[in-house]
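Below is one structure, written out as structure tokens, with a few remarks after it.
Values in this text are rule-based calculations from the coordinates and carry no lab data. Owing to the predicted nature of the structure, the values given are computational and were not obtained by experimental measurement. As a convention, Cβ positions derive from the backbone with ideal geometry for all residues, glycine included, and neighbour counts pool all protein chains shown.
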Amino acid sequence: MKHIFFILLFGLVLGCSSEITPKPESTSTPKIEPSTISTVVFNNIKNEPPFVGTVFLSPDILTYSDPSSFEILVKINDEQREMYDRRYGWINIKPFLFQAEFSDGLIIEVQVNPEFETKEIAEDIALQYLSAVGQLPTYLREDVDTIWLHKGFENFGGGNNNLLIHHGKGLEYIEQEILEEIFLHEATHTSLDSDHLSSSEWITAQEYDDQYISNYARDNPEREDLAETFPLCFALKYKSSVLSEEVIQTIKETIPNRLKYCDVVFFDGSGY
Ligand SMILES: [Zn+2]
């Protein structure tokens, strides 16, 4: 795979050096901007990236009707766990514990904050998210060992081998039909960032594109570029019918080298 990609970029690599030094994953504090959904897709400001934030581009990249690999949520014994909660930081509590099982053999421990009062309520809330998690391809769930589920309207998060959910915000995402797109973004942090965000091939692709797909990627390139970009690679590959021709052309013109990286490294290399 990598070999093919090197060949594709061979003519571009010479003379190129990276200036980006990605931060360690532990410093990742993924936040989605803007915090309120905007119906404005294009930025419309000269010399700015074409989009503000890519999770808002289309609610139909994944929808509830797409197949899900989620199978069953099993109650397990509650034990003490360290969790991150955007309202309080790192906390050590005894959450309601479950094990979510998926048809591809992957398992996620779901840790639900005891503020949800009973294990039955916790189970009901967790089940509102797991179908969407199961819609993510296996390689996006591969490094997701745990889910943290809290109340609150704080942003979701990725990294830490985890998906962070704040239920108040989650209900907004469900209402806006972008829950699946948010998970595409956050699971990219969790499962793809460590191997790809600082890879020389990705950085080379960034440099040759010489622009960012969104303000959020441009303003946080060492943390958000892949998470902002990968969902659009996925959309162009599998769901291009939900994007307008104008959006498709804009993506292709803005990040052609990153699209090529996605196609060769994540997909079948057959092009878009
Ligand atoms: Zn992010």
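Tell me, TRP148, TRP90 in order of fewest to most beta-carbon neighbours within 10 Å? The partial results should precede the final answer.
Working: TRP148 25, TRP90 8.
With the fewest neighbours first, TRP148, TRP90 line up as TRP90, TRP148.
To the nearest 20 debye, what charge dipole does the range 70-176 have about its Cα centre, counting +1 at the Cβ of each Lys and Arg and -1 at the Cβ of each Asp and Glu?
260 debye
How far, in nm, would the chain grow between SER241 and LYS119 when pulled straight, counting 0.36 nm per residue and subtracting the alpha carbon separation?
The span from SER241 to LYS119 would gain 39.8 nm if fully extended.
Below 16 Å, Cα to Cα, which aspartates and glutamates can LYS119 reach? Residues fewer than 8 away in the same chain don't count.
Qualifying aspartates and glutamates at Cα under 16 Å: ASP78, GLU79, GLU109.
For a label point 7 Å from the Cα of TYR88 along Cα→C-beta, name the residues of the range 129-173 whose backbone N is under 16 Å from it.
Hits in the range 129-173 for TYR88 at 16 Å: 148-154, 165-167.
Quick check for the range 137-272: number of Lys pairs with alpha-carbon distance under 20 Å, counting only pairs 8 or more apart or on different chains?
Going through the range 137-272 pair by pair, I get 6.
Would you mind getting me the FRET efficiency between LYS151 and PHE42? Use the beta-carbon distance for r and R0 = 30 Å, nearest 0.05.
0.30
Which residue, chosen from ILE107, LEU73, ASN161, occupies the Cα position most advanced towards the positive end of the dipole of the range 70-176, where the dipole is computed from +1 (Lys, Arg) and -1 (Asp, Glu) charges on Cβ about the Cα centre?
About the Cα centre, the residue reaching furthest to the positive side is ASN161.
I'd like the Karplus ³J(HN,Hα) series for the range 138-147: coefficients 6.51, -1.76, 1.60, θ = phi - 60°, whole numbers in Hz, and an x wherever there's a Gly or Pro.
Those phi angles translate into 3, 5, 8, 9, 3, 9, 7, 8, 9, 10 Hz.
Between ASP78 and PHE267, what FRET efficiency comes out of the Förster formula 1/(1 + (r/R0)^6) with R0 = 41 Å and r the beta carbon distance, rounded to 0.05?
So the FRET efficiency works out to roughly 0.50.
Rounded, prolate or oblate for the range 70-176? Axes are the square roots of the Cα gyration tensor eigenvalues, ordered a ≥ b ≥ c, and the cut-off for rounded is a/c under 1.5. Intermediate results must be reported in sequence, preceding the final value.
Numbers: a/c = 1.36, a/b = 1.18, b/c = 1.15.
Rounded shape, in that the Cα axes give a/c under 1.5.
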